[in-house]
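S.K.: Can you read through this structure? Questions will come right after.
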Amino acid sequence: MSKHETSAARPLKHACDPLVPLPPLGMDSEAISFDFRRYFAHTLGRDDHCTSSHYPYKALALAIRDRLIERWKRTRSTYEQEDCKRTFYLSLEFLMGRTLSNAILNLDVDEQVTRAFIDLGINLDDIRESEPDAGLGNGGLGRLAACFLDSCATLELPVRGYGLRYEYGMFRQHIANGYQIEDPDHWLRDGNPWELERPEYTQRIKFCGHTEHINGSVRWVDTQDVLAVPYDLPVPGYRNGTVNTLRLWKAAATDEFNLEEFNAGSYPEAVEAKNHAEHITMVLYPNDASENGKELRLRQQYFLASASIRDVIREWTENHADFAGFEEKNCFQLNDTHPSVSVAELMRQLMDEHGLSWDRAWEITGNTMAYTNHTLLPEALERWPVKLFQCLLPRLLEIIYEINARFLSQVALRWPGDTDRLRRMSIIEEGETPMVRMAYLAIVGSFSINGVAALHTALLKQGLFEDFHDFWPHRFNNKTNGVTPRRWLAACNPGLRKLLDETVGNGWISDLPALETLTDHAGDPAFQRDWQQVKRENKQRLAELVKIDCNVSFDCDAMFDVQVKRIHEYKRQLLNILHVIHLYARIKAGDTENWTQRCVLIGGKAAPGYQMAKLIIKLVNSVARVVNNDIQVGDMLKIAFLPNYRVTAMEVIAPGTDLSEQVSTAGKEASGTGNMKFMMNGAVTIGTLDGANIEILEEVGEANFFLFGLTSEEVEAKRHNYMPNRIIDKDGDLKRVMQLLESGYFNQFEPGIFDPIIESIRNPYDPWMTAADFRSYIDAQARAAQAYQDQKQWTRMSIVNSAKSGRFSTDRTIDEYNRDIWQLDKMSIPAVSLPSV
């Protein structure tokens, strides 16, 4: 038995009963200061000779964690005592960001901690900056999952997150000669003071092997097993006593090393099994361009699903004699297609390990699984070769084939003789290399399928999943995404938070629609001055970040024009940089009358194997080098690429932004959440009718939004007769931009490097329609530049955007998930009674 394997069937709670309960910890500055000093001196063994801010950070984190743990245990105890229905949120990403500031805010000890550290003579900001960003996610998907957990705890809903404890994040990005360079992001190098290892709940996960069918039962044998060791992170609600759990699984070998091999001197072979097992949770999203990369991705997905479902069933069987009522007490929410193997894995565990019949197992599965789709790009849906599945997960493949056969028989009854439809809807995609369509498995096995913005859901119904919507229209629903106002306004924008509290009270932090009353103040000159002062201070913070990270000086009088997000062709950073080249060409031609000073900031990571996205980063940096060093341009135009874009950077960027770039090709962005963070902090959007932009426009009105571009219907109609070269020839501005690109003006010493980008713009099959939207985009940018010159009007637009952001709180999103899908009861947690004075 491994050191991680314990008998979970023999809980130790009886051994704890005789212990006298400890008195609750104080929440005043003196108590926090005492615990901080105790951890710093005794637990960490440091003294006043310590020069590193890491140890003060760790001591404070432990002091705050202790206070979370009191509420954490009460939360778990309440859920157990009430035997309430729970939801389990499975996601391969949780982009949590830093925990310290969020925990302090939600515990309502901000003033106490600040006072304690003033008394100690320690700079609290330095301590906050010492915390690394948790490397558990890549972009919007993971950040959304983190926002969801925050709102679930704030709304007192019994929801547990399940994810993977990646040793390394996606990567740390730095720029060399304009190119993205990927460095390992070893975010766990110094440990994580917020986590609790729970080895007593370790699970054993099977891979490979083969199946044996004997007398109606199935055994999966000769497997290569890996241990899943859980680490729990606390997720506090906003000032309500609830602390939910994010449980992350770490992969470990069943044996640390082969002693016989070691004694024989074969040292690498002795630890081979350990290393192979630990690869599963070593790196977030390995590059799947190779077969080994594909296999590792599938291992990660199954590892998450199997360990999480085992954990849920373990809890159930400890308190229930059978599975009667299981579906009434449990719900699994699959965050995108990555965890969709959960459908087959729940079936396997219920049948093979707990003896349920196929029909009963399918009844439970079909009433507990719910699927959220986050993409309209067919290539982003998970598809795995049947051959790989057969090798890695043979028992799962058998179950998937059976699910598919039974499902297609239902389709055939509905549409007799429609073989094309059967082929389109089959979970198994036939062909030279048969594939398992994981999104289809999720749809077939779920009682709810939702998109994440109104347009996205409509396009799923009409396009990607049209056949399934025809078959099960009642299963499809929309849940427009949101962001948590705790992190993305209250914590990251303290100046605006103070102004809002003084103006509308502080109830907005847990009731964002309360900001609607700001519209009454939008035209008030005194309020506008206060708003402008807050914005300027935030722009100064952002300018300092840009200077440090990019060595580019941003003038705070200029418009701060920002696009930060994952680098992808459909997000069209390329369109943004074409506009910058257009502005540069105007300056060089002397066309600067009535000019609006502009600072353009672009940031984001490109997937390591995505060459076009990496080339776009190179283009941004090449253009920036020319523009920023041209004396004729001066301060009229600046451009910077921010390296290593991350949650912590966004917490500075969103409050300091004037113009938010949301310029994806219509019909390609599922929702977007960056647009909401910018809006919440008073940025005005320039965007297409795509994703949640549509709903933002509905809220703020056309007068407070710079709309441009083709609609999704126009994009589809234009595909059949798209002639970008004709568009370029007819548009003098675009023609001039292309001439600069094609002449090598921005790459004089690297001839031809941008030819793939030039070819993509001129390609009549360009799916992103860059040239088609150029003129509309340039005109919208001109309107934005003109509007910015009227600071009174611009400030009013900024205020209206914040005021109308209530719809985009994840509190609203989670309320809708709960109302329509989860149907959980709110669980109020008893308050921790503080000791009497």
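S.K.: Among the residues of the stretch 555-565, is there at least one that is over 28 Å from PHE171 (Cα atoms), among the small types (Gly, Ala, Ser) and either buried (at least 22 other Cβ atoms within 10 Å of the Cβ) or over 24 Å from the mean Cα position of the chain (by Cα) (or both)? First the steps, then the outcome.
M.R.: In the first step, residues of the stretch 555-565 are kept if they are over 28 Å from PHE171 (Cα atoms); the result is 555-559.
Going one step further and asking which of them are among the small types (Gly, Ala, Ser), we end up with 558.
Cutting the leftovers down to either buried (at least 22 other Cβ atoms within 10 Å of the Cβ) or over 24 Å from the mean Cα position of the chain (by Cα) (or both) gives us 558.
Yes: one or more hits.
S.K.: Quick check on the stretch 765-778. Is at least one of its residues modelled with pLDDT of 95 or more, under 30 Å from the mean Cα position of the chain (by Cα) and of a type in the set (Lys, Arg)?
M.R.: The answer is no; no qualifying residue exists.
S.K.: Can you find even one residue in the stretch 752-759 that is farther than 19 Å from LEU710 by Cβ, of a type outside the set (Gly, Ala, Ser), at pLDDT 95 or above and part of a loop (DSSP other than H, G, I, E, B)?
M.R.: yes
S.K.: Is there any pair with a first residue in the stretch 495-512 that is in contact (Cβ under 8 Å) with a residue 12 or more places away in the chain and in a loop (DSSP other than H, G, I, E, B) and a second that is open to solvent by 50 Å² or more (accessible area, probe 1.4 Å) and charged (D, E, K, R) whose Cβ atoms are under 9 Å apart and which are 6 or more apart or on different chains, and what are they?
M.R.: Cβ pairs passing all conditions: SER510/ARG239.
S.K.: Sort out which residues of the stretch 626-640 are open to solvent by less than 10 Å² (accessible area, probe 1.4 Å) and not in a loop (DSSP other than H, G, I, E, B), and write them in order of number.
M.R.: Looking only at the stretch 626-640, we keep the residues that are open to solvent by less than 10 Å² (accessible area, probe 1.4 Å), and these are 627, 633, 637, 639-640.
VAL627, LEU637, ILE639, ALA640, listed by residue number.
S.K.: Could you list, in sequence order, all residues of the stretch 719-754 that are more than 21 Å from VAL627 (Cβ to Cβ) and surrounded by 12 or more Cβ atoms within 10 Å (Cβ to Cβ)?
M.R.: Scanning the stretch 719-754 gives ARG719, TYR722, MET723, PRO724, ASN725, ILE727, ILE728, ASP729, ASP731.
S.K.: Next question, about the same structure. Scan TYR777, TYR817, TYR765 and give me the residue that is among the aromatic types (Phe, Trp, Tyr), surrounded by fewer than 20 Cβ atoms within 10 Å (Cβ to Cβ) and over 25 Å from GLY495 (Cα atoms). Walk me through it before giving the result.
M.R.: On the way: TYR777 fails: surrounded by fewer than 20 Cβ atoms within 10 Å (Cβ to Cβ); TYR817 fails: surrounded by fewer than 20 Cβ atoms within 10 Å (Cβ to Cβ).
Criteria check complete, one pass: TYR765.
S.K.: To continue, here is another question. Condition first: in a loop (DSSP other than H, G, I, E, B) and within 19 Å of the chain's Cα centre (by Cα). Can you find one or more residues in the stretch 646-653 that meet it?
M.R.: Keep residues of the stretch 646-653 that are in a loop (DSSP other than H, G, I, E, B), which gives 646.
With within 19 Å of the chain's Cα centre (by Cα) added as a condition, the list becomes 646.
Within the stretch 646-653, one or more residues are in a loop (DSSP other than H, G, I, E, B) and within 19 Å of the chain's Cα centre (by Cα).
S.K.: Suppose we filter TYR440, TYR401 for residues that are over 29 Å from GLY137 (Cα atoms) and not in a strand (DSSP E or B); which single one remains?
M.R.: Details: TYR440 fails: over 29 Å from GLY137 (Cα atoms).
Selected residue: TYR401, the only one of TYR440, TYR401 that is over 29 Å from GLY137 (Cα atoms) and not in a strand (DSSP E or B).
S.K.: Residues of the stretch 413-446 being under 24 Å from the mean Cα position of the chain (by Cα) and not small (Gly, Ala, Ser), which ones?
M.R.: Answer for the stretch 413-446, where residues must be under 24 Å from the mean Cα position of the chain (by Cα) and not small (Gly, Ala, Ser): ARG437, MET438, TYR440, LEU441, ILE443.
S.K.: Given (1) on the phi > 0 side of the Ramachandran plot; (2) modelled with pLDDT under 95, identify the lone condition not met by GLU156.
M.R.: Evaluating GLU156 over (1) on the phi > 0 side of the Ramachandran plot; (2) modelled with pLDDT under 95 leaves (2) as the failure.
S.K.: Ok, one more. Do any residues in the stretch 739-759 that are farther than 17 Å from ARG586 by Cα have Cβ atoms under 6 Å from those of residues that are open to solvent by less than 30 Å² (accessible area, probe 1.4 Å) and hydroxyl-bearing (Ser, Thr, Tyr), where the two are at least six apart or on different chains, and which pairs are they?
M.R.: ASN747/SER622
S.K.: For a quick check of your reading of the model, give me the residue pairs whose first member lies in the stretch 527-546 and is open to solvent by 80 Å² or more (accessible area, probe 1.4 Å) and of a type in the set (Lys, Arg), whose second is part of a helix (DSSP H, G or I) and at pLDDT 95 or above, with beta-carbon atoms closer than 7 Å and at least 6 apart or on different chains.
M.R.: From the stretch 527-546, the pairs are ARG541/VAL652; ARG541/GLY656.
S.K.: Please state which one of CYS492, CYS550 is under 24 Å from PHE148 (Cα atoms), among the hydrophobic types (A, V, I, L, M, F, W, C), at pLDDT 95 or above and crowded, with 21+ Cβ neighbours inside 10 Å.
M.R.: Numbers: CYS550 fails: under 24 Å from PHE148 (Cα atoms).
The match here is CYS492.
S.K.: Could I ask something else about it? With respect to ASP47, is the statement that it is in contact (Cβ under 8 Å) with a residue 12 or more places away in the chain, surrounded by fewer than 18 Cβ atoms within 10 Å (Cβ to Cβ) and not β-branched (Val, Ile, Thr) true?
M.R.: On the way: in contact (Cβ under 8 Å) with a residue 12 or more places away in the chain: no; surrounded by fewer than 18 Cβ atoms within 10 Å (Cβ to Cβ): yes; not β-branched (Val, Ile, Thr): yes.
No: the conditions fail for ASP47.
S.K.: Here's another thing I want to ask about it. Quick one: which of ALA490, ALA442 is closer than 29 Å to ALA153 by Cβ, touching a Phe, Trp or Tyr at 6+ places or on another chain (Cβ under 6 Å) and of a type in the set (A, V, I, L, M)?
M.R.: Testing whether each residue is closer than 29 Å to ALA153 by Cβ, touching a Phe, Trp or Tyr at 6+ places or on another chain (Cβ under 6 Å) and of a type in the set (A, V, I, L, M) leaves just ALA442.
S.K.: Let me ask another. Determine which member of the set LEU356, LEU408, LEU388, LEU376 is open to solvent by 10 Å² or more (accessible area, probe 1.4 Å), at pLDDT below 95 and touching a helix residue (DSSP H, G or I) at 6+ places or on another chain (Cβ under 9 Å). Full working, then the answer.
M.R.: Details: LEU356 fails: at pLDDT below 95; LEU408 fails: at pLDDT below 95; LEU388 fails: at pLDDT below 95.
Only one candidate passes the filter, namely LEU376.
Here's the yes/no breakdown for (1) in contact with a Gly (Cβ under 6 Å, 6 or more places away or on another chain); (2) within 19 Å of LEU164 (Cβ to Cβ); (3) modelled with pLDDT under 80; (4) surrounded by 22 or more Cβ atoms within 10 Å (Cβ to Cβ):
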| site | (1), (2), (3), (4) |
| --- | --- |
| GLU269 | no, no, yes, no |
| GLU278 | no, yes, no, no |
| LYS294 | no, yes, no, no |
| SER306 | no, yes, no, yes |
| ARG314 | no, yes, no, no |
| CYS331 | no, no, no, yes |
| LEU334 | no, yes, no, yes |
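S.K.: Okay, next question. Can you say whether ALA134 is modelled with pLDDT of 95 or more and open to solvent by less than 50 Å² (accessible area, probe 1.4 Å), as far as the supplied structure shows? Steps first, please.
M.R.: Details: modelled with pLDDT of 95 or more: no; open to solvent by less than 50 Å² (accessible area, probe 1.4 Å): yes.
So ALA134 does not fit the description; no.
S.K.: Can you give me the ranges of the helices (runs of 4 or more DSSP H) entirely in the stretch 73-178 with at least 3 residues that are under 30 Å from THR51 (Cβ atoms)?
M.R.: Details: elements: 100-107, 110-120, 124-129, 140-154.
Output list reads 100-107, 110-120, 124-129.
S.K.: What are the pairs, 6+ residues apart or on separate chains, where a residue within the stretch 355-371 that is farther than 15 Å from LEU334 by Cβ has its Cβ under 6 Å from a residue that is open to solvent by 10 Å² or more (accessible area, probe 1.4 Å) and modelled with pLDDT of 95 or more?
M.R.: ALA361/MET351; ILE364/GLU327
S.K.: Follow-up. Please work out which one of (1) surrounded by fewer than 16 Cβ atoms within 10 Å (Cβ to Cβ); (2) more than 22 Å from ARG160 (Cα to Cα) is the condition SER77 fails and give its number.
M.R.: Among (1) surrounded by fewer than 16 Cβ atoms within 10 Å (Cβ to Cβ); (2) more than 22 Å from ARG160 (Cα to Cα), SER77 violates only (2).
S.K.: Report, by residue number, each residue of the stretch 803-829 that is of a type outside the set (A, V, I, L, M) and in contact with a helix residue (DSSP H, G or I) (Cβ under 6 Å, 6 or more places away or on another chain).
M.R.: Let us first name the residues in the stretch 803-829 that are of a type outside the set (A, V, I, L, M), namely 804-813, 815-820, 822-823, 825-826, 828.
Across the stretch 803-829, the qualifying residues are LYS804, SER805, GLY806, ARG807, PHE808, SER809, THR810, ASP811.
S.K.: Would you mind telling me which numbered condition in (1) closer than 30 Å to VAL620 by Cα; (2) touching a helix residue (DSSP H, G or I) at 6+ places or on another chain (Cβ under 8 Å); (3) crowded, with 22+ Cβ neighbours inside 10 Å THR154 fails?
M.R.: For THR154, the failing item is (1).
S.K.: Determine if the stretch 452-466 includes at least one residue that is crowded, with 18+ Cβ neighbours inside 10 Å, part of a strand (DSSP E or B) and of a type outside the set (Ser, Thr, Tyr).
M.R.: No, because not a single residue in the stretch 452-466 is crowded, with 18+ Cβ neighbours inside 10 Å, part of a strand (DSSP E or B) and of a type outside the set (Ser, Thr, Tyr).
S.K.: Quick check on ALA613: is it under 23 Å from the mean Cα position of the chain (by Cα), open to solvent by less than 10 Å² (accessible area, probe 1.4 Å) and of a type outside the set (Lys, Arg)? Outline the logic, then answer.
M.R.: Values: under 23 Å from the mean Cα position of the chain (by Cα): yes; open to solvent by less than 10 Å² (accessible area, probe 1.4 Å): yes; of a type outside the set (Lys, Arg): yes.
Spelling it out, ALA613 is indeed under 23 Å from the mean Cα position of the chain (by Cα), open to solvent by less than 10 Å² (accessible area, probe 1.4 Å) and of a type outside the set (Lys, Arg).
S.K.: Just to check your reading of the model, which residue among ALA670, ALA683, ALA654 is closer than 20 Å to TRP768 by Cα and either small (Gly, Ala, Ser) or open to solvent by 10 Å² or more (accessible area, probe 1.4 Å) (or both)?
M.R.: Values: ALA683 fails: closer than 20 Å to TRP768 by Cα; ALA654 fails: closer than 20 Å to TRP768 by Cα.
Selected residue: ALA670, the only one of ALA670, ALA683, ALA654 that is closer than 20 Å to TRP768 by Cα and either small (Gly, Ala, Ser) or open to solvent by 10 Å² or more (accessible area, probe 1.4 Å) (or both).
S.K.: Would you check if TYR168 is open to solvent by 20 Å² or more (accessible area, probe 1.4 Å) and closer than 29 Å to SER671 by Cα? Give the derivation first.
M.R.: Working: open to solvent by 20 Å² or more (accessible area, probe 1.4 Å): yes; closer than 29 Å to SER671 by Cα: yes.
In short, yes.
The values are calculated or read from the model by the stated rules, or taken from the named source; none is laboratory data. Remember, it's a predicted structure, so these values are computed and weren't measured experimentally. Because the Cβ atoms are built from the backbone with ideal geometry, glycine has one as well, and the counts that use them run over all protein chains shown. To get the accessible areas, we keep the full protein, side chains included, count just its heavy atoms, and leave off ligands, DNA and RNA. Shrake-Rupley method; radii C 1.70, N 1.55, O 1.52, S 1.80 Å.
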